[in-house]
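The values are calculated or read from the model by the stated rules, or taken from the named source; none is laboratory data. This is a predicted model, so every value here is computed, not measured. With ideal geometry, Cβ positions are generated from the backbone for all residues, glycine too; neighbour counts draw on all protein chains shown.
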Amino acid sequence: MNLLSVCLITLNEEENLPRALNSVQGIADEVVIVDCGSTDRTAEIAKERGGKVVMRPWTNFAEQKNAAAAAASYEWILSLDADEELSPELRDALLGWKREEPKFWVYEFSRRTWYLGAWVKHTGWYPDFQRRLFRRDAAQFSGIIHEALRFEGKPGRLGGDLLHYTVGSFEEHERKVESYTTLAAQQMFMDGKRSWRAAMWLATPWSWFNNYVLRLGFLDGRQGWLISRMAARGTWLKFKKLGKLVEAQQQRGEVEAP
């Protein structure tokens, strides 16, 4: 039997957390929650359900998730976000996996997203494979935004969907895009990227065309249109914000302006 630590990171997740924890009952041998200062009942809910709560000031998604894995008692980690839950099919797949000898160090499964009243089936949001089940000495999260597991070799794959309840309103989506694009611009700047004008004008319409046409976003109706529109806006914003970082550096005289 493979013993499994389910790890989550939280900030004011009292509405989402019970759903996530209910879905891992019978799967988790331990629940570890790294919280960065919730002011609601997140920590109380976690403790009521038998979870181990670790308080850690926020740094970034990858470091929070790595801290949760480090605090776990078992070698196998299932990393979930608080706004996710296991589908019945994924629960069954995980139960089967627990009884078998693992063939891979990392496993992935598809994620299906609930967005403004409907499940998104296209638009680049599905199947959206997520690598979340891993042996902690073989993989680690990295990246300040859209954190990903870094590991060697190929991942295994389990059936069933990870269900994702992403945003409650379009306004919340707008706020997330604003926040994520700031982090994305900072990451690009740290990685040494300095060209932004052409990308801002060319990558933006391509993003919309790719998601709405090539990835069949039109089949998702209103949801597909909004997702494609916001993906394009996100592309525009991250390069625009990168440009501001580059221009600020030039004004400080750290590099010569082109």
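If only residues of segment 110-132 that are touching a Pro at 6+ places or on another chain (Cβ under 9 Å) and assigned to a strand (DSSP E or B) are counted, the one that is surrounded by the most Cβ atoms within 10 Å (Cβ to Cβ) is 111. None of 27, 45 is within 30 Å of residue 100 (Cβ to Cβ) and either surrounded by 17 or more Cβ atoms within 10 Å (Cβ to Cβ) or not aromatic (Phe, Trp, Tyr) (or both) except 27.
Between 140, 223, the distinction of being of a type outside the set (Phe, Trp, Tyr), surrounded by 14 or more Cβ atoms within 10 Å (Cβ to Cβ) and farther than 30 Å from residue 119 by Cβ belongs to 140 only. Among residues of segment 233-257 being in a loop (DSSP other than H, G, I, E, B) and within 23 Å of residue 184 (Cα to Cα), the one that is modelled with the lowest pLDDT is 257. Can you name every residue in segment 207-232 that is charged (D, E, K, R) and either part of a helix (DSSP H, G or I) or in contact with a helix residue (DSSP H, G or I) (Cβ under 8 Å, 6 or more places away or on another chain) (or both)? Once the filter is applied, which keeps residues that are charged (D, E, K, R) and either part of a helix (DSSP H, G or I) or in contact with a helix residue (DSSP H, G or I) (Cβ under 8 Å, 6 or more places away or on another chain) (or both), segment 207-232 yields 220, 222, 229.
Taking residue 149, is it free of Cβ contacts under 8 Å to residues at least 60 places away in the same chain and in the same structural domain as residue 93 (by TED's automatic domain parsing)? Yes: the conditions hold for residue 149. Of the listed requirements (1) without any contact (Cβ under 8 Å) to a residue 40 or more places away in the chain; (2) surrounded by fewer than 16 Cβ atoms within 10 Å (Cβ to Cβ); (3) hydrophobic (A, V, I, L, M, F, W, C), residue 170 misses just one: (1).
Inclusion of residue 191 among residues that are loosely packed, with under 15 Cβ neighbours inside 10 Å, over 20 Å from the mean Cα position of the chain (by Cα) and modelled with pLDDT under 95 is warranted. The criterion of at least 2 residues that are among the hydrophobic types (A, V, I, L, M, F, W, C) and within 23 Å of residue 168 (Cα to Cα) is met by the following strands (runs of 3 or more DSSP E) wholly inside segment 1-77: 4-10. Among the residues examined, residue 183 does not qualify as assigned to a helix (DSSP H, G or I) and over 26 Å from residue 115 (Cβ atoms).
The one condition from (1) over 20 Å from residue 4 (Cα atoms); (2) out of contact with any strand residue (DSSP E or B) (no Cβ under 7 Å at 6 or more places or on another chain) that residue 137 does not meet is (1). Against the conditions (1) at negative phi; (2) surrounded by 15 or more Cβ atoms within 10 Å (Cβ to Cβ); (3) at pLDDT 95 or above; (4) hydrophobic (A, V, I, L, M, F, W, C), residue 61 satisfies every one except (3).
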